[in-house]
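The values are calculated or read from the model by the stated rules, or taken from the named source; none is laboratory data. As the structure is a computational prediction, the values presented were derived from the model and not from experiment. Neighbour counts run over all protein chains shown; Cβ positions are idealised from the backbone, glycine included.
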Amino acid sequence: MAQIGKYNIKAISNLVGILPGTLRAWERRYNIISPVRNEAGHRLYTEEHVYILKWLVQKVNEGFTIGQAINLYETKEHKSSDDKSFTENLQSDHLVNQIVLALSSFEEGEAHNYINEAFSLYSVDKVLFKIISKVFIIIGDKWRNGEITSAHEHFATSFLRTRLGMIYQNLPNNKHLPKLIAVCGPDEKHELGLLIFTIYLRRIGFQVIYLGASIDSADLDQVIEEVDPAGFIISCTLKENLKKTIDFAITIKKIKPNVIIGIGGYAVSTCESPILDSIQEFYVGNAQSNWDVWLKQNFNYK
């Protein structure tokens, strides 16, 4: 059965990463795809077209000319061991786009269905990093760029927090790795990134006490005395809260000099020197590979 065309040329350009003019030129010269036209005569592209174009763009980025890439595709040599990974990435990107679209339209039921589909296809870690993390980043970028309202952002954040909370509550709190406290920096309310990191830490065996939104600095002494943590993980999303977050980390160090401090979040990953240089030893990074390096350096994990 023929696939339904649902992406216009602007949407396909954004999805694939090529200019509409380039796309039209490829179509005219090589006839690699034939999008259908709607009643107004506008091109409509299918999921199969997205796959083909993304594959071709990947090959062009690897150094092939577009003609060479198309010849390679048409000889079926693209059906290699790498194709499975590429198809998986395409599939996960499609789910991310659908979840973002559903959340941007206040369609909670549809968003749940796509999240459930993701869990049926991938492991928990892949859903966290390939799906939910990307949705979280895209929603945040759309809000900061004025593409969605604060109401949309709050709705999406509430939805994602609920789904992450369901994962978190079902995880055992193991006791064979050090005890950590996860908390947002002062005046911080955006906690999804911290929750994702907390879930990752608990899945690999760390004992994590998740405090979420920022606590009163006056309560630090009591929290540290009762928990006696080996480390604090602190998240900061808004740039205006970064200095307060760094001061918060310094206060923790004064109370418990041997504690290991980790700081992450959008405000940290996008700050520039000299601020980033001053907190480099605390910076946990913004990807799973960065987290693993930081954990190995500070806790001899792996």
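A few notes on this one:
- Taken across segment 37-45, residues that are at pLDDT below 85 and part of a helix (DSSP H, G or I) do not occur at all.
- Boolean, residue 204 is aliphatic (A, V, I, L, M), more than 25 Å from residue 161 (Cα to Cα) and surrounded by fewer than 18 Cβ atoms within 10 Å (Cβ to Cβ): no
- Residues that are touching a helix residue (DSSP H, G or I) at 6+ places or on another chain (Cβ under 6 Å) and surrounded by fewer than 19 Cβ atoms within 10 Å (Cβ to Cβ), drawn from segment 119-128: 119
- Filtered residue count, segment 246-264, keeping only those that are closer than 16 Å to residue 179 by Cα, under 28 Å from the mean Cα position of the chain (by Cα) and not β-branched (Val, Ile, Thr): 1
- Number of the condition not met by residue 245 [criteria: (1) over 30 Å from residue 115 (Cα atoms); (2) surrounded by fewer than 20 Cβ atoms within 10 Å (Cβ to Cβ); (3) out of contact with any helix residue (DSSP H, G or I) (no Cβ under 7 Å at 6 or more places or on another chain)]: (2)
- Only a single criterion out of (1) touching a strand residue (DSSP E or B) at 6+ places or on another chain (Cβ under 7 Å); (2) over 19 Å from residue 290 (Cβ atoms); (3) buried (at least 16 other Cβ atoms within 10 Å of the Cβ) is not satisfied by residue 227, namely (3).
- Helices (runs of 4 or more DSSP H) fully within segment 229-280 that include at least 3 residues being under 14 Å from residue 214 (Cα atoms) and hydrophobic (A, V, I, L, M, F, W, C): 242-255.
- Count of segment 282-302 residues, restricted to those that are among the aliphatic types (A, V, I, L, M) and closer than 13 Å to residue 231 by Cα, is 2.
- Total residues in segment 100-118 satisfying the condition of being loosely packed, with under 15 Cβ neighbours inside 10 Å and under 22 Å from residue 288 (Cβ atoms): the figure is 0.
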